[in-house]
Amino acid sequence: METPALLPLVLLLMVLVQGSAMTHPKPACRYPPSQWCHSLEIAVQCKVLKQCMELRALRPQNAPLVSVSVFYRSLCPAWRRFLVHQLFPTWSMLQDILRVHLVPYSSSKGAPSDWFVPCQPEDPECSVNMIESCVLELSGGSGLEVVSCMETSADVLSAARSCVRLFAPSVSWAAVQSCVSGSRGPLLVNQSISATRALSPSPSHLPWVTINGVSPPEPD
């Protein structure tokens, strides 16, 4: 299968953002990642001038849309690090050409698309997956921002309502609750389970990323 044209660019930017996030503590820069490359002054202050120059040099003109799907478990530490240090900053810089599709995966057994094992109190990840699935469907383009807000909070479940209000004000919390407690939420979770299990090759770990439907080669 042909490698997507912007695959090297997206992968490089994820690596560059991760490196800058780990090297330069957040307090050193008072601007969000979406503004890092907006001006020379901001790039210098946030210590990402080299990365911004490389991004500008590599990015083709009239670039086509790139679809990135991320399959993840909501409370997984690896997913939360990936979201904070790589995915969200990358999307912030390339959101005009980057379409991110989040797929919260639940380990609950749910083969039929119209059946779901209800979340148990001892399984908070199941509840978060359900809420995020509903939020992603209801909030449309704001879904990534809502999920990022939730996942960067100390208590993901408790933060859900305020994150929806802040980043998706057109979505009522009552609508989210209706989705979660009704038939739509379980259906969305089962669709995510089916989509994750249908991946080829099968994911060796989560989070798992595909770009334009293609799984990037894993490092040796």
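Readers should treat all values here as calculations from the given coordinates under stated rules, not as data from a laboratory. Values in this document were obtained by computation on a predicted structure and should not be read as measured data. Heads up, the Cβs are rebuilt from the backbone with ideal geometry, glycines too, and the neighbour counts pull from every protein chain shown.
General remarks:
- Taking V171, V147 and counting other C-beta atoms within 10 Å, the order from fewest to most: V171, V147
- This ranking places M150, M93 by how few other beta-carbon atoms lie within 10 Å of each, fewest first, which gives M93, M150.
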